[in-house]
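Participant: Can you keep this structure in mind? I'll have questions shortly.
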Amino acid sequence: MKPFSRVLIANRGEIALRIIRACRELGIETVAVYSEADREAPYLALADETVCIGPAPSLQSYLDIPKIIAAAEITDVEAVHPGYGFLSENAQFAEICQSCHIQFIGPTVENIRQLGDKAAARELAMAVGVPCVPGSKDIVPDEDEALRISRDIGYPVLIKAVAGGGGRGMRVARNDASLVTGFHQARAEAQAAFKNPDVYIEKYIDKPRHVEVQVLADSYGEVVHLGERDCSLQRRHQKLVEEAPSPAVDEDLRRRLGESAVTLSRGADYRGAGTVEFLLDQDDNFYFIEMNTRIQVEHPVTEMVTGIDLLKEQILVAAGAPMRFRQEDVRIRGSSIECRINAENAADGFKPSPGLITRYIPPGGYGVRVDSHVCAGYTIPSSYDSMIGKLIVHRDTREEAIVTMRRALDEFVIEGVHTTIPFQREIFRHHHFIQGNIDTGFLEEYFLDG
Ligand code: ADP
């Protein structure tokens, strides 16, 4: 199967560079689009062609569908890779690509529509027998229904936006009064963030772990899972450190989680790379929460422990290639941990710290991988998220991976902007983290004031 000859990358930063690298190894030419704020980005030199698509604001560049389609047509690409964020889970964009005969490197339009609506995804999970958090069957239309459901499942409950993402549009309610205020606040926040006020209600699970399963599906009905990632280390529902495998998952649980992820993917007739997210409670019960229909920021830890280049496989299956391996070929080897290195000041409420990087010396050596698009002299624009890059380690055991991560964090020199590195250094010295004994409330409980 011949993959594409030319792909346009509708993204920026580290993931744009990651896609360029995968394409280069597959013998695919790349077209990188960029906004005026990214004009000087060094990774652009690695693309075969570049196209400026507008000024810094995302709405006028990386989220501007007509401009991206025009760039794709001018440069005569066969496919578009959307990366993560921006247009990666936008069904309309995928549909327009399709109607322009440009392959969207991702799932089908129907997959994005169904799974992007969290209430519809829950309904599908229930229909195929994948365990869900107890809660409303569908969208909760009004206050009375919200009260009825919450009393029925019992407080505390979580009000969640059907179109939610990035931890926004969520409210915990512990009684009738906070439910009523939370219901209206969540709807308003969801309307502002996602232009869709619809919410649903779930039981709020006490101190869960966030465990997600990577899946890959080709166009011929083959679906495999690549094991789990533990992303329990979160600040305000945003992941900061991820690892594979999860220290809380044994062989039997891994098999059951994997089977559930594959069952859901089959039920959705899923294509491409995706992630099925679960919460794991303290009694090892797991519950489906959502499926992300894109490559995830934290995909490298899965690559490290499986030896499978997810970006390449994602591109190949989008080009119509049959899956190159079977479930029984997937082996989890060693332990991999990733730190998201953000330009943020943890000492000041994680305030973004964009600006000029005056000195930059990344760590290296055995077991260390750095996925980053920056260098000394690079200015982190204030218009986008503040990710500098990802520091990933891979060793035979979790204990060794922690030692290597500590060493790599100590080696990492980034001057000119604040970074999350000092904060991450502390995490890797905390005895609960070292013992693998954490849940999604860990950071708030031990490091932050909430
Ligand atoms: P988003 O799409 O905004 O990332 P998710 O549904 O993936 O939202 O949830 C993000 C995080 O919120 C989870 O990793 C977990 O920490 C928390 N969370 C979500 N649902 C629940 C729940 N029912 N009980 C407790 N925590 C939850």
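The values are calculated or read from the model by the stated rules, or taken from the named source; none is laboratory data. Since the structure is predicted, the reported quantities are computational estimates derived from the model, not experimental observations. Every residue, glycine as well, gets a Cβ built from its backbone with ideal geometry; the counts of neighbours run over all protein chains shown.
Participant: Looking at region 190-218, which of its residues are acidic (Asp, Glu), over 16 Å from residue 116 (Cβ atoms) and crowded, with 19+ Cβ neighbours inside 10 Å?
Facilitator: Filtering region 190-218 down to residues acidic (Asp, Glu) leaves 198, 202, 206, 212, 218.
Imposing the further condition that a residue be over 16 Å from residue 116 (Cβ atoms) reduces the set to 202, 206, 212, 218.
Scanning region 190-218 gives 202, 212, 218.
Participant: Looking only at region 138-154, decide whether some residue is within 15 Å of the ligand (Cβ to nearest atom), under 17 Å from residue 292 (Cα atoms) and surrounded by 17 or more Cβ atoms within 10 Å (Cβ to Cβ).
Facilitator: Within region 138-154, none of the residues are within 15 Å of the ligand (Cβ to nearest atom), under 17 Å from residue 292 (Cα atoms) and surrounded by 17 or more Cβ atoms within 10 Å (Cβ to Cβ).
Participant: Then there's this: Do we find that residue 289 is touching a Phe, Trp or Tyr at 6+ places or on another chain (Cβ under 7 Å), crowded, with 22+ Cβ neighbours inside 10 Å, among the aliphatic types (A, V, I, L, M) and touching a residue at least 40 places away in the same chain (Cβ under 8 Å) in this structure? Steps first, answer last, please.
Facilitator: Numbers: touching a Phe, Trp or Tyr at 6+ places or on another chain (Cβ under 7 Å): yes; crowded, with 22+ Cβ neighbours inside 10 Å: yes; among the aliphatic types (A, V, I, L, M): yes; touching a residue at least 40 places away in the same chain (Cβ under 8 Å): yes.
It is true that residue 289 is touching a Phe, Trp or Tyr at 6+ places or on another chain (Cβ under 7 Å), crowded, with 22+ Cβ neighbours inside 10 Å, among the aliphatic types (A, V, I, L, M) and touching a residue at least 40 places away in the same chain (Cβ under 8 Å).
Participant: Output the residues belonging to region 269-279 that are more than 16 Å from the chain's Cα centre (by Cα) and surrounded by 24 or more Cβ atoms within 10 Å (Cβ to Cβ).
Facilitator: Of all residues in region 269-279, those more than 16 Å from the chain's Cα centre (by Cα) come to 269-271.
Selection gives 270 alone.
Participant: While we're here: Just give me the residues in region 269-286 being away from the ligand (no atom under 16 Å from the Cβ), in contact with a strand residue (DSSP E or B) (Cβ under 6 Å, 6 or more places away or on another chain) and in a strand (DSSP E or B), in sequence order.
Facilitator: The answer is 273, and nothing else.
Participant: Of everything in region 122-175 that's touching a Cys at 6+ places or on another chain (Cβ under 8 Å) and among the aliphatic types (A, V, I, L, M), which residue is farthest from residue 238 (Cα to Cα)?
Facilitator: Initial filter on region 122-175 (touching a Cys at 6+ places or on another chain (Cβ under 8 Å)): 122, 125-126.
With the extra rule that they be among the aliphatic types (A, V, I, L, M), the set shrinks to 125-126.
Details: 125: 24, 126: 26 Å.
Of everything passing the filter in region 122-175, 126 is farthest from residue 238 (Cα to Cα).
Participant: Still on this structure: Take the conditions over 21 Å from residue 288 (Cβ atoms) and within 16 Å of the ligand (Cβ to nearest atom) and apply them to residue 121. Does it pass?
Facilitator: Values: over 21 Å from residue 288 (Cβ atoms): no; within 16 Å of the ligand (Cβ to nearest atom): yes.
When the stated conditions are applied, residue 121 does not pass them.
Residue-by-condition table, conditions (1) within 20 Å of residue 414 (Cα to Cα); (2) without any contact (Cβ under 8 Å) to a residue 12 or more places away in the chain; (3) out of contact with any helix residue (DSSP H, G or I) (no Cβ under 6 Å at 6 or more places or on another chain); (4) outside the structural domain of residue 219 (by TED's automatic domain parsing):
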residue	(1), (2), (3), (4)
318	no, no, yes, no
321	no, no, yes, no
335	no, no, no, no
346	yes, no, no, no
357	yes, no, yes, no
360	yes, no, yes, no
366	no, no, yes, no
378	yes, no, yes, no
